[in-house]
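Structure record follows, encoded as structure tokens.
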Amino acid sequence: MESIKYTDVVVLGAGSAGIAAAVAIARRGLQVILIERNAYPGGKATAAEVGTVCGLYRNSKNQTAEFIVKGFAREFAETLQQRSGSTALHNADGLHYLPYNIDSFKDISLGLLHNNNVTTYFNSVLETVQKTNGKIISVSVIADGNPVTIHLKSIIDCSGDSIISRAAGLPLIKSDNYQAAAQVFTMQGIEETNEARLGMIIIKAIRSAIEEDKLANFYDRVYIVQGSLKNKLVSLKVGIPLPVTYAPGNLQELRTVAHSFVENLVEFLTTQVPAFKNASIQHIAPEVGIRIGQRSIGKYILTENDVLPCKQFEDAIANASWPIEEWSQQLRVSMRFLEGECYQVPAGCLQSAHTSNLFFAGRNISANDAAIASARVMGICLQTGYAAGCMAAAVASDISLAEVIEQIQNDQL
């Protein structure tokens, strides 16, 4: 039998953006229902085991990381760092990032949802969206196998794939070529204690094998998840040699190819590389890492012409310092660095251009391919999530968006 629920705001997706959005709504005293397809929170941070939070810090050649985010994003990051027992790392380009423990990310997220009285439906999927007079008035959900209709005042899409816009038949920003997907897996029994040295050993061995036609060219796209080498364990991230297309069956094909890639790579490492002679797979991340999906069209579409010259906006809601990070099918990662300290994400990127009470945050904000290649990282998603939560709460409470944007700026900028 179908259940009928009423709430102020619905949030779809319990990744970093969805957690931030739900907490923002709850802290403003409104009722919120969070819908998540997995049995646990965290989105790609936990299901794909990304392993590092990027976009939290200023770009600097200094060894000490300096936050460029404030408010909820910094609160979450500091708690995650403490629980994970980790320290921010940096590379030669001056990029700083925070390694984290997957279980700590889940536990912190669950604690925030519980402590802020967020009603959460895990193992749940959106079925349909009901609209009238330019507004979404309700959604139909299968929650843990049971049909539920939820009546709402405003809604936020943090799914990463614009599921709400797709269900509502709204136009989308699509890509001709989506970024390459990745699979993370963890190996145990590693006979090397220096992460940088292990990375060089892997690269050298694989490139030699490629030159000798023992491995295909695409095996070159193997990386260590930074900060993961501990207690003879290391997590590796591999680029999947199959395009992301969003065609029916594509996700399952990606999974199948990813697992085959991992098996072949492990066979090579354990038989040809001394540091891996006693190693084996501990586990493979449950999900393939999809970096960029379909995006919703907002009142403003962010582009590289905003990102690279570090454009500032009157309605800014987030500071963003991460470069444009592009992963192709043929090449290793390419970076385009900012010309200044940071750009800003405007509120218009979080507001639907077509539906007055629909907002979005995280990987499906209104941005073109190049801009989302920067704005998709978690440090920025935490900020856009919190901002979207505040904005959706304002619409549900008939409060001026201009007023709440000023409050967001005080909290986050």
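The values are calculated or read from the model by the stated rules, or taken from the named source; none is laboratory data. Keep in mind the model is a prediction, meaning the values are calculated, not measured. Cβ atoms come from the backbone with ideal geometry, glycine included; neighbour counts cover every protein chain shown.
Restricting to region 230-271, give me the number of residues that are assigned to a helix (DSSP H, G or I) and touching a helix residue (DSSP H, G or I) at 6+ places or on another chain (Cβ under 9 Å).
Result for region 230-271: 7.
If only one of Ala388, Ala371 is crowded, with 18+ Cβ neighbours inside 10 Å, in contact with a Cys (Cβ under 8 Å, 6 or more places away or on another chain) and under 25 Å from Gly43 (Cα atoms), which one is it?
Just a single option satisfies the conditions, and that option is Ala388.
Which one of the conditions (1) more than 20 Å from Val23 (Cβ to Cβ); (2) within 22 Å of the chain's Cα centre (by Cα); (3) of a type outside the set (D, E, K, R); (4) assigned to a strand (DSSP E or B) does Gln130 fail to meet, given that it meets all the rest?
Among (1) more than 20 Å from Val23 (Cβ to Cβ); (2) within 22 Å of the chain's Cα centre (by Cα); (3) of a type outside the set (D, E, K, R); (4) assigned to a strand (DSSP E or B), the lone unmet condition for Gln130 is (2).
Would you check which residues across region 186-217 are within 25 Å of the chain's Cα centre (by Cα) and without any contact (Cβ under 8 Å) to a residue 24 or more places away in the chain and list them?
none
Taking region 199-224 as the search range and keeping residues that are of a type in the set (Val, Ile, Thr) and in a helix (DSSP H, G or I), which one is nearest to Ser334 (Cα to Cα)?
Checked region 199-224; the qualifying residue nearest to Ser334 (Cα to Cα) is Ile203.
Out of (1) crowded, with 17+ Cβ neighbours inside 10 Å; (2) part of a loop (DSSP other than H, G, I, E, B), the odd one out for Gly29 is which?
(1)
Pairs please, first residue from region 52-68 and on the phi > 0 side of the Ramachandran plot, second anywhere and buried (at least 19 other Cβ atoms within 10 Å of the Cβ) and assigned to a strand (DSSP E or B), Cβ atoms under 6 Å, 6+ apart in sequence or on different chains.
Pairs found: none.
Within the group Gly189, Gly239, which residue is outside the structural domain of Ala88 (by TED's automatic domain parsing) and modelled with pLDDT of 95 or more?
Gly189
Tell me, which residue of region 139-173 that is of a type in the set (Asp, Glu) and outside any strand (DSSP E or B) is nearest to the chain's Cα centre (by Cα)?
Asp161
Checking the condition among the aliphatic types (A, V, I, L, M) and surrounded by fewer than 18 Cβ atoms within 10 Å (Cβ to Cβ), which residue from Ala168, Ala182, Ala196 passes?
Ala196
Can you find even one residue in region 13-31 that is closer than 23 Å to Leu229 by Cα and hydroxyl-bearing (Ser, Thr, Tyr)?
no
Name the strands (runs of 3 or more DSSP E) wholly within region 272-362 that hold at least 1 residues that are surrounded by 20 or more Cβ atoms within 10 Å (Cβ to Cβ) and either free of Cβ contacts under 8 Å to residues at least 12 places away in the same chain or in contact with a strand residue (DSSP E or B) (Cβ under 9 Å, 6 or more places away or on another chain) (or both)?
Where strands (runs of 3 or more DSSP E) fall fully within region 272-362 and carry at least 1 residues being surrounded by 20 or more Cβ atoms within 10 Å (Cβ to Cβ) and either free of Cβ contacts under 8 Å to residues at least 12 places away in the same chain or in contact with a strand residue (DSSP E or B) (Cβ under 9 Å, 6 or more places away or on another chain) (or both), they are 316-320, 343-346, 358-360.
Tally up the residues in region 102-128 that are in contact with a Leu (Cβ under 9 Å, 6 or more places away or on another chain) and buried (at least 17 other Cβ atoms within 10 Å of the Cβ), please.
The number of residues fulfilling the criteria is 8.
Being among the β-branched types (Val, Ile, Thr) and more than 30 Å from Pro147 (Cβ to Cβ) is the filter; apply it to region 32-79 and report the residue that is surrounded by the fewest Cβ atoms within 10 Å (Cβ to Cβ).
If we take residues in region 32-79 being among the β-branched types (Val, Ile, Thr) and more than 30 Å from Pro147 (Cβ to Cβ), then Thr64 is surrounded by the fewest Cβ atoms within 10 Å (Cβ to Cβ).
Does Ser334 satisfy the condition of being among the hydroxyl-bearing types (Ser, Thr, Tyr), over 29 Å from Leu12 (Cβ atoms) and not assigned by TED's automatic domain parsing to the domain that holds Val11?
When the stated conditions are applied, Ser334 does not pass them.
Among (1) under 17 Å from Cys158 (Cβ atoms); (2) more than 17 Å from the chain's Cα centre (by Cα); (3) not acidic (Asp, Glu), where does Ala316 come up short?
Going through (1) under 17 Å from Cys158 (Cβ atoms); (2) more than 17 Å from the chain's Cα centre (by Cα); (3) not acidic (Asp, Glu) one by one, Ala316 breaks only (1).
Tell me which of these Ile136 doesn't satisfy, since it passes every other one: (1) of a type outside the set (S, T, N, Q); (2) surrounded by fewer than 21 Cβ atoms within 10 Å (Cβ to Cβ); (3) over 19 Å from the mean Cα position of the chain (by Cα); (4) modelled with pLDDT of 95 or more.
Exception for Ile136: condition (2).
For region 92-117, give me the residue count where each residue is under 27 Å from Arg28 (Cβ atoms), touching a residue at least 60 places away in the same chain (Cβ under 8 Å) and in contact with a helix residue (DSSP H, G or I) (Cβ under 7 Å, 6 or more places away or on another chain).
Number of matching residues: 7.
Yes/no matrix, rows are residues, columns are (1) small (Gly, Ala, Ser); (2) at pLDDT 95 or above; (3) in contact with a strand residue (DSSP E or B) (Cβ under 8 Å, 6 or more places away or on another chain):
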| site | (1), (2), (3) |
| --- | --- |
| Ile142 | no, yes, yes |
| Ile155 | no, yes, yes |
| Asn194 | no, yes, no |
| Ser208 | yes, yes, no |
| Leu215 | no, no, no |
| Val222 | no, no, yes |
| Leu229 | no, yes, no |
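Can you name every residue in region 285-330 that is among the polar types (S, T, N, Q) and farther than 24 Å from Leu172 by Cα?
Gln312, Asn319, Ser321, Gln330
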